[in-house]
1. Among the residues of the stretch 15-43, which ones are part of a helix (DSSP H, G or I), within 30 Å of the chain's Cα centre (by Cα) and surrounded by 13 or more Cβ atoms within 10 Å (Cβ to Cβ)?
2. Scan the stretch 48-82 for residues that are within 16 Å of residue 14 (Cα to Cα) and at pLDDT below 90 and report the count.
């Protein structure tokens, strides 16, 4: 028979209050599945300890929310059951997945920055086009003014 631990022993090992472990029992019941017969205290197995340690790590170190920790545990459970993978390989797959997600995030950020630069360049292009149009119009007006003055001076010379 597998050795088991009491709530007090689990509390001492994990260095969290017994009430915290009770709370985790309720919140993460689907991952812990701790059973006790009527009139007996709950006993914790090595598997329970591993799950509780992971919960503590997710909540206290990685700062997951309860909901986020549940999603992470569910993803781990799915990887283990569906793919039939264990420990190190599962960790490797998760690290690779995390790395891919980080790269995608970086590309998304870079894409947003490039889009912003394109918007700024379009604005600059429009400003330059407006300035060129004004210069052309100004040149045309100056040309017409010069022509008008030439005609005026020709007509005054003739008159």
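The values are calculated or read from the model by the stated rules, or taken from the named source; none is laboratory data. Quantities reported herein were computed from a predicted structural model and do not represent experimental measurements. Cβ coordinates were reconstructed from backbone atoms using ideal geometry, including for glycine residues, and neighbour counts include every protein chain displayed.
1. The answer is 20, 21, 23, 24, 25, 27, 31, 32.
2. So the answer is 0.
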